[in-house]
Amino acid sequence: MSNQIILGIESTCDETAAAVVQGKTLLANVVASSMDEHARYGGVIPEIASRAHAQSFVPVVSKALADANMTIDDVDAIAVSAGPGLAGCLAVGVSGAKALAWSANKPIYGINHVIGHVAVTQLQFGDLPANTMALIVSGGHTSLLHVNDIARDVEVVGTTLDDAAGECFDKVARLLGFPYPGGPYIDRHAQHGDPHAIKVPQGLTQGRAGKEHPYDFSFSGVKTAIARWIEERQGGGQEIPVDDVCASLAGSVAQVLSRKSMRGCEQFDSTTLIVGGGFSANSQLREALVEAGRNHGVDVRIPQIKLCTDNGAMVAMLGSNLVEAGVAPSDMEFPIDSAMPLTKISM
């Protein structure tokens, strides 16, 4: 069963993506992004993204199959992101995938997009060890997961109580006048700044809140503290040291994420940490996690950047895991779930 050919389709936000995986080998990976169309608005506009998915679906899926030198007849199963994500965007991808599955008489799996970020690391690092921890950091999610079985048993250890790390970066980027998405700009400027220049709060790490939420994340206080600091400087007619602001923000967030991840590994006696999601492209976070892993004897697995951001390979790989584990396909009538819980791996 492990050599089954899976077509994965992704449309949760502003990327329309399709990929073909055989076992743990990636045969094709195609991504069309509508990000440029959202830049002028400073964030993703669901209607624009949904329209872009409708326009890109057929060309992207066709190219993925062509790149893999296959037709839909060669595919054993189709996997598609059913949630969490933007409802309109999910509806386009799921409708298209269902039409394809129905017309070609193929089984279909509606999968959890976030768990896909964990599954995709297998394409670069091989099988997931039992008792693995996973840190998923993206625009809308900051989650610490305990993965007993990628196809059947994922437990949420920690989650975002307000702003996710990616949201926090985008909001500070807007204050600094960076274009959307702001993450890459903050990353670049942070490399030239002093991470200790501004005292940035580290939410849920100290005192009672830290004890009550040892693995949860809160970044809204970080955004507020930096906004106030910038306002005070501007009010006093002082220049804003952009590099230092970026370095202090990136350093604080990276420290919180790496510290809580290592605490989770310790709690569950895990020696492997998988890292995924678009925000894991951040260089300060990568450095902090690798260093923390070295100090704690944890194998930190962060895939190459094209596998971190939303893509079809992550969907196909989780589909492959489900097929290999003998999990039944989804019913053709399965709904989308924009708030799909992370304990639900497939529909």
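Quick check: anything in segment 45-57 part of a strand (DSSP E or B), within 20 Å of the chain's Cα centre (by Cα), at pLDDT below 90 and crowded, with 17+ Cβ neighbours inside 10 Å? Spell out how you get there, then give the answer.
To start, the set of residues in segment 45-57 that are part of a strand (DSSP E or B) comprises none.
No, segment 45-57 has no match at all.
This table checks each residue for (1) open to solvent by 20 Å² or more (accessible area, probe 1.4 Å); (2) touching a Leu at 6+ places or on another chain (Cβ under 7 Å); (3) not in a strand (DSSP E or B).
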residue	(1), (2), (3)
Ser270	no, no, yes
Leu273	no, yes, no
Leu285	no, yes, yes
Val290	yes, no, yes
Asp310	yes, no, yes
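Within segment 179-190, which residues are at pLDDT 90 or above and either crowded, with 21+ Cβ neighbours inside 10 Å or touching a Phe, Trp or Tyr at 6+ places or on another chain (Cβ under 9 Å) (or both)?
In the first step, residues of segment 179-190 are kept if they are at pLDDT 90 or above; the result is 185-190.
Correct list: Tyr185, Ile186, Asp187, His189, Ala190.
Give just the number: which of (1) modelled with pLDDT of 85 or more; (2) not in a helix (DSSP H, G or I) does Arg228 not satisfy?
(2)
Scan Gly85, Gly93 and give me the residue that is touching a strand residue (DSSP E or B) at 6+ places or on another chain (Cβ under 6 Å) and either without any contact (Cβ under 8 Å) to a residue 12 or more places away in the chain or not in a strand (DSSP E or B) (or both).
Details: Gly85 fails: touching a strand residue (DSSP E or B) at 6+ places or on another chain (Cβ under 6 Å).
Just one listed residue meets the conditions, Gly93.
In segment 66-111, which residues are open to solvent by 10 Å² or more (accessible area, probe 1.4 Å) and on the phi > 0 side of the Ramachandran plot?
Asn69, Gly85, Asn105
Among what's in segment 235-262 and is buried (at least 18 other Cβ atoms within 10 Å of the Cβ) and of a type in the set (D, E, K, R), pick the residue that is farthest from Val300 (Cα to Cα). Walk me through it before giving the result.
First pass over segment 235-262, keeping only residues buried (at least 18 other Cβ atoms within 10 Å of the Cβ): 242, 244-258, 260-262.
Restricting the remaining residues to those that are of a type in the set (D, E, K, R) gives 244, 260.
Working: Asp244: 28, Lys260: 14 Å.
It comes out as Asp244.
Answer yes or no: is there a residue in segment 124-144 that is open to solvent by 40 Å² or more (accessible area, probe 1.4 Å) and touching a Pro at 6+ places or on another chain (Cβ under 7 Å).
Among the residues of segment 124-144, at least one is open to solvent by 40 Å² or more (accessible area, probe 1.4 Å) and touching a Pro at 6+ places or on another chain (Cβ under 7 Å), which makes the answer yes.
Given the options Ser330, Ser338, name the one that is outside any helix (DSSP H, G or I), surrounded by fewer than 20 Cβ atoms within 10 Å (Cβ to Cβ) and at negative phi. Walk me through it before giving the result.
Values: Ser330 fails: surrounded by fewer than 20 Cβ atoms within 10 Å (Cβ to Cβ).
Going through Ser330, Ser338 in turn, the sole match is Ser338.
If you check Ser280 against the conditions, is it small (Gly, Ala, Ser), modelled with pLDDT under 90, under 23 Å from Pro214 (Cα atoms) and buried (at least 20 other Cβ atoms within 10 Å of the Cβ)?
Values: small (Gly, Ala, Ser): yes; modelled with pLDDT under 90: yes; under 23 Å from Pro214 (Cα atoms): yes; buried (at least 20 other Cβ atoms within 10 Å of the Cβ): yes.
In short, yes.
The values are calculated or read from the model by the stated rules, or taken from the named source; none is laboratory data. Fair warning: this is a prediction, and the values are worked out from it, not measured in the lab. Virtual Cβ from ideal backbone geometry, glycine too; neighbours counted across all protein chains shown. Only protein heavy atoms, including side chains, enter the accessible area calculation; ligands, DNA and RNA are left aside. Shrake-Rupley method; radii C 1.70, N 1.55, O 1.52, S 1.80 Å.
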